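Scroll down for the structure; my scribbles are underneath it.
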Amino acid sequence: MQVRWNFKMLPNQSQEETLEERLVTLRKHRNYALKERVNGFDTNNQDIDTPIAYAYGAYCEIGSRIEIGSCCPLTCPVLKHGVIPQNLDLATKQSKVKDKTTKEVIGQEREWDSASGIQMKVTSQLRQSLDSFAAIDSCVLQRNIAKLDIAYANFWKQGRGFPQFFKRLDSFEYKPGRVVLRHIRKNYATVYLPGIGEVKFHNSRDLSLIQDLRTCTIKRDAGNWYISMLVEIPGILPELNALDLCRAVVGIDVGITRLVALSDGRFLENKRFATNKRKARRLAMRQRAIARKQKGSKNKIKAVKKLAKQQHKIALSRDGYNWQVASTIIKTADAVAREDLKIKNMVKRAKPKHDGKGGYRRNGASQKTGLNKVILDAGWADIFNKVAWLAVKTGVPVIVVPAKHSSQECPECGHVDKKNREGEKFLCVNCKHVDHADTKASRTLAKRAGLVFPKNKLTLPPDWGKVTLVKLSVPFGTESKNQASGVSPPCAGNSDSRICRRYG
Ligand SMILES: [Zn+2]
């Protein structure tokens with residue numbers, strides 16, 4: 001199966017300088033290519049001195065993102081990506097003509113090349129005259145242009161924004177077969193990168209498993225260098241557990257006071273990597289330091305680097321913790337039910353409130369911004385992605401269920417009311433059912449998955465044997481109360497007590 005492996009690289013000083021130089025050249029290359037395309041589109045390559053170059057092309061409108069197809073060169077000489085070189089030999093390419101029925105190659109013909117095809121030819125000419133381009137592997141330059149094509153494709157087809165000029169570029173890509181693994185030692189290995197040399201990297205996985213090395217991406221993040229390899233390793237992904245054979249389902253309810261509430265009564269703590277008191281203060285201090293520095297000064301650059309380092313550290317610890325969370329969830333049951341959250345909609349800015357006299361009333365914008373920060377810090381989408389990957393790896397089906405009223409619906413009588421919930425407590429106004437609000441929500445989600453256990457009974461056992469039997473005795477000092485129902489959950493881990501003490 002094909003997986004992506006990331007390693008931290010350990011370039012020496014001269015290699016690091018080379019890598020940085022390459023990124024600058026590649027950024028200029030991309031921006032030049034983009035400018036050329038934009039100019040080509042806007043002016044149809046009509047300089048005052050040069051004759052007009054007409055070319056067949058798909059006519060399109062950038063404003064409405066409509067492609068109208070191939071049109072007459074005399075009426076619509078507009079290429080989709082807008083590049084027509086002065087030398088028309090460069091503008092065409094040789095292509096094979098195939099018979100429509102037998103699909104055999106009959107002959108060859110010249111046709112108009114795509115914008116990226118033309119720019120790649122121009123780039124290879126540049127490599128002969130410019131040293132900074134000659135030093136870069138030709139495949140890297142080709143991928144650089146190809147990425148611009150992807151940006152255009154996203155603009156036309158995926159509804160993304162128009163490709164932008166980069167102020168900084170942080171990564172480049174090698175095509176399959178260019179990068180070679182050289183020396184594999186116990187703690188480190190080396191990789192040969194064409195145009196840069198042999199670079200060490202932390203050997204944090206079993207490299208002997210690699211059967212095929214595909215695309216490799218070199219990334220820079222907060223002063224650290226990483227290599228991300230797409231590798232072919234032995235092993236086949238298991239088939240998903242059949243839903244009617246599943247013996248248990250776990251519902252997960254993500255939140256802020258408790259990061260995840262599992263339907264078996266456990267909680268996973270929200271560590272608030274960027275928004276806890278200490279870190280938030282640190283980050284604010286670093287931000288303030290940047291704001292105080294003079295624009296364009298070296299001290300400003302230093303301050304920015306410091307902040308980036310801090311944020312990188314936070315991102316790494318969140319990433320690691322979320323893997324733990326995801327694996328805890330997956331190990332709990334045969335199937336996972338999660339809510340269908342529209343996180344993008346949840347973190348929108350507060351709408352301004354007009355007071356009718358040309359001014360504004362208070363709309364709680366700063367409060368909402370604070371909440372958005374906390375939501376984004378929790379990384380719910382990240383957890384869902386990680387759960388999805390681990391689920392594929394272990395064959396556990398993940399069922400996405402509608403989230404509507406999951407925290408207000410009573411599990412006993414089905415009564416839906418806003419008043420049912422009061423903070424962490426759930427108290428049904430209709431039948432007086434008491435529970436912890438988050439746990440109850442996760443059970444409702446598990447129920448909505450539509451799996452019923454045991455087969456002939458129409459109720460879902462909240463505590464599945466496999467989970468509750470692990471450890472019934474709570475170790476000293478880690479006991480935590482389920483505040484709503486007044487009983488300790490049987491499987492409370494370390495994490496839960498901490499949240500009660502610190503933020504609960
Ligand atoms: Zn009720």
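What follows is calculated from the coordinates using simple rules that are stated; it is not laboratory data. Because the structure is a prediction, the values reported are computed rather than measured. Counting neighbours? That spans all protein chains shown, and the Cβs are built from the backbone with ideal geometry, glycine included.
Structure notes:
- Label-to-label distance for residue 282 and residue 404 is 4.3 nm, based on points extended 7 Å past Cα in the beta-carbon direction.
- Region 198-307: C-alpha gyration tensor shape, a/c 1.5 cut-off, then a/b vs b/c: oblate
- Among the listed pairs 309/373; 368/418; 342/425; 147/186; 167/300; 342/373, those with a Cα-Cα distance over 27 Å are 147/186.
- Here the translational diffusion coefficient of region 250-400 follows from Stokes-Einstein with Rh set to the Kirkwood radius across Cα pairs; for 4 °C and 1.567 mPa s it amounts to 72 µm²/s.
- The order of 264, 417, 253, going from fewest to most other C-beta atoms within 10 Å of their C-beta, is 417, 264, 253.
- Aspartates and glutamates with Cα under 15 Å of residue 344, excluding same-chain neighbours fewer than 8 positions away: 377, 382
- Estimated FRET transfer efficiency (residue 228, residue 28; beta-carbon r; R0 30 Å; 0.05): 0.80
- Set of aspartates and glutamates near residue 305 by C-alpha distance (under 17 Å), chain-local residues within fewer than 8 positions excluded: 16, 17, 20, 170, 221
- Sorted by Cβ neighbour density within 10 Å, fewest at the top, the residues 451, 259, 207: 207, 451, 259
- Simple spin-label estimate for residue 166 and residue 183 gives 3.1 nm between the two label positions (7 Å along the Cα-to-Cβ direction from each Cα).
- Among 431-444, 339-352, 321-334, 302-315, sorting by the average number of other beta carbon atoms lying within 10 angstrom of each residue, highest first, gives 431-444, 321-334, 302-315, 339-352.
- Checking the Cα-Cα distances for 313/353; 35/295; 313/404 against a 29 Å cut-off, the pairs over it are 313/353; 313/404.
- Per-pair calculated FRET efficiency, R0 = 22 Å: residue 392 and residue 157 via Cβ, rounded to 0.05: 0.25
- Ordering of 23-35, 288-300 by packing [mean C-beta count within 10 Å, highest first]: 23-35, 288-300
- Spherically averaged projected area in nm², based on the convex hull that wraps the Cα atoms of region 246-330: 6.9
- Footprinting exposure proxy for 262, 90 (fewest neighbouring C-beta atoms within 10 Å first): 90, 262
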